[in-house]
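Okay, so here's the structure we're looking at.
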Amino acid sequence: MQNNEITKQLDAIVAHASQVVLGKQHEIRLALACLLARGHLLIEDLPGVGKTTLAHVLAQTLGLQYQRIQFTSDLLPADILGVSIFDKSEQGFHFHPGPIFAQLILADEVNRATPKAQSALLEAMEEGQVTIEGKTRPLPKPFFVIATQNPTYQIGTFPLPESQLDRFLMRISLGYPDASAERALLTGDDRREMLKQHGTCIQPGQLEELQQAASKVHVADALLDYVQALLDASRRSPQFTHGLSPRAGLALLRSAKAWALMVGRNHAMPEDVQTVMPHVVEHRLQAVVEPGRDNKTLMALLQDVAIP
Amino acid sequence: MNMSGFQQRVKQAKAENLWLLAGLTLAFTPHFFRLSPLVMLPGIILLCWRLLFELRYLALPPRTVRWLLTFIGIFATYIAFGTLVGRQAGVGLLVIMLCLKLMEMNAQRDVGVVIGLGFFVVITVFLFDQSIFMGIYMLLVVTLLVTALIAFSRDQSEIPQWANLQKAGAVLAQAVPLALLLFFLFPRIPGPLWSLPTDGAGAGTGLSDSMSPGNISQLSDDDSVAFRVQFDTALPLPQKRYWRGPVFTQFDGRTWSNPYPQNLTNRLSINSQYQVSGEPSLYTVTLEPHQQRWLFALDLPATIPPDSRLSVDYEIIANQPVRQLIRYSMRSFTDYQLAKNDAPDISRYLQLPAESGIQARKLAQQLRQKVTDNAAFVQTVLNYIAEQPFYYTRQPPLLLNDPVDEFLFDSRRGFCEHYASAFVFLMRAAGVPARVVTGYQGGEMNPQSDYFIVRQSSAHAWTEVWLRDEGWRRVDPTAVIPTERIENQQDLARILPEMAGVGAAPNWLKKMGRQLNFGWDRINHAWNQWVVNYNTQRQQNFLSRLLASAGFDNIDWQEMITLLVAGMALVMTVVAMYLLKPWNRQSRDPAQVVYERFCQRLSRRGMQRQPAEGPLDFSRRAGQRYPQRARDISNITALYERQRYAPYPTQKNLQRLQHAVRNFIV
C-alpha cells in the first residue's frame with residue numbers, strides 16, 4: 001500500500017466512525033492510532049458519553065469479531081476466560097471458551113470488578129494467550145482490548161493498580177459533545193440502529209498491513225533525542241513521584257509512529273510525540289502535588305523540554 | 001482554630017517570606033540571648049507580627065506607627081547600651097532596625113534587601129562567638145536564607161518547598177571548594193581585621209587582677225580550657241609545671257593587688273642576675289580570650305612573645321587585652337635562678353598594711369627569732385603550716401574583719417589563695433621579701449592527641465621568697481598540707497602535682513566521660529588551630545609547607561592571589577565541564593544549525609520559536625504572522641523536516657535547505 005492510500009483509508013475509517021460518534025474526531029483518531037500501534041486502549045469518562053459506542057463502532061468499522069464483557073463486582077475469571085463442562089455424550093470435559101476469545105473485547109466498566117477478575121483480563125492482554133486448567137490457549141489475532149472505566153471517585157469502583165494501568169498503551173476520555181454535535185445526536189437516528197446498519201471499511205487482513213506500516217514509520221536520531229530528553233525530564237522533575245519507565249518510553253515512541261501514520265507521514269515528528277504524549281503518559285505518572293492536576297504538570301513538562 | 005484553615009493559610013503564604021522569617025529568627029537568637037532584653041522583646045514581637053501578617057491574621061502597621069516604632073527602637077537601644085555605636089549597641093541597633101524593616105517589607109526589592117541583611121547578621125554573630133557550635137548553627141541559618149533567596153527568585157508556582165531547601169543545600173555544597181580556596185589562599189591581613197570597640201569590661205573567666213581570699217566562700221570548679229600547649233620538647237616534670245600569671249605585691253589587709261606595672265620592658269634580662277641551666281622547654285601556647293592582658297608561660301619565660309612586654313616580676317603583659325584566641329611560641333627554663341645576690345627593690349616586697357595582722361606579725365617575729373637565717377625561717381613557717389591543724393577546703397568560711405589573723409589563728413581552713421596570702425604576710429612581717437604569684441599549676445595531656453590542656457580549675461596561687469644566696473625561690477605553701485587534712489580527696493591533684501590522677505575514683509563511666517571530653521577538646525583545638533586562628537603566620541607556614549615541593553618558598557601575597565585566581569579558574573572549569581559535558585555533545589547536525597539560523601532571523605523580527613515548539617507548529621504560526629512569506633517558511637520547514645526527521649537525508653537536500661535559508665528575508 002502506498003502512503004497516500006493508507007492515509008486515505010485511515011481517513012475513511014475515521015469519517016465512517018464519526019458518523020456514529022459525533023464530534024469526536026480527535027478521540028477516534030487517537031483510538032485508531034492506539035490500535036495501529038498494537039496497544040490496548042483505556043477510555044475513562046462518565047457513563048453515557050459514548051464510550052461503548054466508540055468501541056463498538058471501531059470493531060464494526062474494522063471488521064473485527066467483537067465481544068463485550070460487562071464487568072460487575074461479582075464477575076469471576078471463569079466468566080471471562082471460559083470453563084470446561086462435562087459432556088455426557090462425549091464422556092469427557094468440553095471447553096466452552098469465554099468472551100475473551102474474540103478480536104476486539106470491550107471490557108465495560110473494568111473498574112467495577114474485583115481485582116481478581118481484572119487480573120484475568122489484564123494477563124490475557126499482556127500475554128496474548130490464556131491458560132485455563134493447565135492448558136494454554138492462544139487468543140485470536142489481532143487482539144485488542146478497549147476497556148472503559150468510570151472515574152474513580154464514583155461509588156463501587158476498584159481502581160486499577162499502576163502496574164495494570166501500564167498495560168494500556170493510551171488512556172483517553174471523551175467528554176461532552178459540543179453544541180452542534182449534540183444537536184445532531186438529539187435529532188438523529190438511534191445509535192444502536194445505526195450500528196447495526198454499519199458496514200466495514202477494510203478487507204480482512206488489511207488491519208495487519210496497517211499495523212506493519214505503523215511499525216515501519218521512520219524515527220530519526222533527532223526524534224530519539226527528544227524522546228529521551230522527555231523521559232529524562234520526567235525522571236528529574238520533582239513534580240512526579242517517579243519518572244517514566246523504559247516501557248513507557250517504548251509506548252510513547254510506538255504511539256508517535258502510529259500517529260505519524262495517521263496524519264500521513266512516514267516519519268515521526270516532535271509534534272506527533274507532543275500530541276500523543278498526554279494520552280500515553282498521563283496514567284503512568286503520578287504527580288506529587290495533587291491528583292487532578294497532573295495534566296497541568298505534564299503540560300509544563302512538555303513546555304520545559306526543548307526540542308533538540 | 002480550624003487546623004485545615006491554618007494549613008491553608010500556611011500554604012497560601014509567600015514561601016520565601018516564611019523561609020526568611022525562619023532564617024532571621026534563628027540568626028537573631030544568639031543576639032537575643034547575648035544582648036539586652038530591651039532588644040530581645042521588641043525583636044520577638046516584630047518577628048511574630050510579620051509571621052501573623054504572612055498568615056493573614058494581622059495587618060502591617062501604618063506609616064505613622066512605623067515611624068513611632070523606629071524612634072522607640074532607637075531609644076530602646078540607647079537605653080540598653082548607653083550608646084548607639086560600638087559592637088553590642090551597633091549589633092543591637094541592626095537587629096532592631098532589621099525587625100522594623102519587616103514591618104514595611106512589601107516590594108520585591110525589600111525582600112532582597114532583608115535577605116542580604118540577614119547574611120550580614122550572620123557575620124555579626126561571629127563578632128561574639130567563634131566556636132565550632134556557632135559555626136555549624138550559622139551554617140543552618142545560611143541554608144535557610146539561601147532557601148529564601150531561591151524561593152524568592154524562582155517562580156512561586158508548582159515547586160514543592162523541600163525542593164527549594166534541597167537546592168539550597170546543593171548550592172552550598174557546590175560553594176564548598178571555592179570557600180575552601182578563599183579561606184586558605186586569600187591573603188590574611190596581619191593583626192585583627194578591624195579593632196573591635198570595647199564595651200566596658202567584658203566578663204572574662206580566669207584569673208583576675210586582684211586577690212581577696214577572705215571574700216570567697218566557694219571556689220567554683222570551672223573545667224573550661226584556659227589555654228592549650230603544644231610542646232616541641234619533652235614535657236617538664238609535674239612539679240615544674242607552674243604557669244606564671246599575675247604577680248601581686250601590694251596588700252591592703254584584705255586584697256592583694258598589683259596595678260598594671262608601669263615600667264615594662266622588652267628586654268628579657270631585667271637585671272644581670274638571670275641564670276638558667278638545663279635544656280629549655282620549647283612550646284606554643286594557644287590562649288583562650290580572657291579579656292585581661294596577661295600571657296601565661298612556664299616559669300621562667302626566656303622569650304617575650306610579640307606585642308607584649310615583661311614586668312619586673314616576670315609577668316608577660318600583652319599590649320592589648322586578649323579578646324580573641326591568640327597563639328604564641330615560648331621558650332622557658334624550668335631550672336633558673338633569679339636575682340641571686342642582687343637585692344630587689346626591697347620596700348616593694350616588704351610592704352604590709354598598717355592596721356591588720358597584729359597577731360600574725362607577732363607569730364612571725366617569734367618564729368624568726370628561733371632560727372638563724374631566712375632560708376631556715378621559710379622552712380619553719382612551712383613546718384608550722386604542716387603541723388598546726390590547717391585544712392584545705394574549697395568552701396572556706398568568709399573572713400570578715402582581719403583575714404590574715406582570722407585565717408592563721410581561727411578558721412585555719414582555706415585554699416591556695418589563703419595559704420599564699422598568709423605565707424607572704426608572715427615572710428614580710430619577718431623582713432623577708434616575698435610576693436604572691438598566681439597562674440596555673442599542672443595541666444594534662446590530651447591522650448588522644450599531642451597537646452597539653454590547662455583548665456581554669458588548675459588556677460593556683462603560690463609565693464616567691466627572695467633569699468640572698470639563692471635569689472627568688474618558689475615556695476608553694478599549699479603543698480605542705482598533709483593529705484589527711486585535705487577535705488576532698490579529689491583536690492589532692494590540685495594541690496600536689498605529683499599526685500595527679502590519684503584519688504579520682506576509677507569509675508568506667510567517669511573514664512568514658514573523660515575520653516569524650518578529651519575527644520571533644522581535640523576537635524576544638526583543631527578548630528582553633530585551623531579556623532579561628534588561621535592568621536598570616538599560620539597561612540604562610542601552611543602554604544610554604546604545602547607548596548615547598550612546587551618550588552614556592554616563603555609565599556607572598558601576590559603569589560597567593562595568583563594561586564587563588566588559578567585555583568578558582570580550575571574549580572570553575574571543572575564545574576563547567578561537569579555541567580556542559582563537552583565529551584557528550586555530538587557534532588551538531590548541520591541541518592539543525594541552518595534551521596536555527598532561520599529561527600534567529602525570524603526571532604529578530606519578534607517571531608520567537610519556543611524551545612518546545614515543533615518545527616511544523618512554528619511554521620504554521622510564523623506563516624500566519626507573515627502571510628507573504630508563508631510559502632518560503634513552509635518550504636524551509638519541509639526541507640528541514642526531510643533532512644532531520646525523514647529517512648535517508650541527502651547532501652543535496654541539505655544544500656537546498658542552506659540555500660533557501662540564505663535567501664530567506666523576513
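The values are calculated or read from the model by the stated rules, or taken from the named source; none is laboratory data. None of these values were measured; they are calculated from a predicted model. As a convention, Cβ positions derive from the backbone with ideal geometry for all residues, glycine included, and neighbour counts pool all protein chains shown.
A quick yes/no check of all residues on (1) assigned to a helix (DSSP H, G or I); (2) hydroxyl-bearing (S, T, Y); (3) loosely packed, with under 13 Cβ neighbours inside 10 Å:
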{"position": "B:M577", "(1), (2), (3)": "yes, no, yes"}
{"position": "B:V593", "(1), (2), (3)": "yes, no, yes"}
{"position": "B:R597", "(1), (2), (3)": "yes, no, no"}
{"position": "B:Q600", "(1), (2), (3)": "yes, no, yes"}
{"position": "B:G606", "(1), (2), (3)": "no, no, yes"}
{"position": "B:R609", "(1), (2), (3)": "no, no, no"}
{"position": "B:S619", "(1), (2), (3)": "yes, yes, no"}
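So how many residues does region B:445-454 have that are modelled with pLDDT under 85 and surrounded by 19 or more Cβ atoms within 10 Å (Cβ to Cβ)? Even if it seems obvious, please write down each step before you answer.
Going residue by residue through region B:445-454, those that are modelled with pLDDT under 85 are B:445-450.
Still in the list and also surrounded by 19 or more Cβ atoms within 10 Å (Cβ to Cβ): none.
Going through region B:445-454 one residue at a time, the tally reaches 0.
For A:E209, are the conditions met, namely being among the acidic types (D, E), assigned to a helix (DSSP H, G or I) and farther than 30 Å from A:L46 by Cβ? Let's see the steps before the verdict.
Working: among the acidic types (D, E): yes; assigned to a helix (DSSP H, G or I): yes; farther than 30 Å from A:L46 by Cβ: yes.
Answer is yes for this residue.
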Going through region B:437-482 in order, the residues found to be touching a helix residue (DSSP H, G or I) at 6+ places or on another chain (Cβ under 6 Å), among the β-branched types (V, I, T) and outside any strand (DSSP E or B) are B:T478, B:V480
I'd like the full set of residues that are free of Cβ contacts under 8 Å to residues at least 12 places away in the same chain and closer than 24 Å to B:Y645 by Cβ, limited to region A:198-215.
A:Q212
Working only within region B:621-650, note down all residues that are in a loop (DSSP other than H, G, I, E, B) and within 11 Å of another protein chain (Cβ to nearest Cβ).
B:Y645, B:A646, B:P647, B:Y648, B:P649
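Do you know which residues across region A:15-50 are in a helix (DSSP H, G or I) and closer than 27 Å to A:G249 by Cα?
Hits for region A:15-50 are A:Q25, A:H26, A:E27, A:I28, A:R29, A:L30, A:A31, A:L32, A:A33, A:C34, A:L35, A:L36.
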When the residues of region A:186-231 are narrowed to those that are more than 30 Å from A:G249 (Cα to Cα) and among the hydroxyl-bearing types (S, T, Y), which ends up farthest from the other protein chains (Cβ to nearest Cβ)?
A:T187
Quick check on region A:233-265: of everything there that is small (G, A, S) and buried (at least 21 other Cβ atoms within 10 Å of the Cβ), which residue is farthest from the other protein chains (Cβ to nearest Cβ)?
A:A251
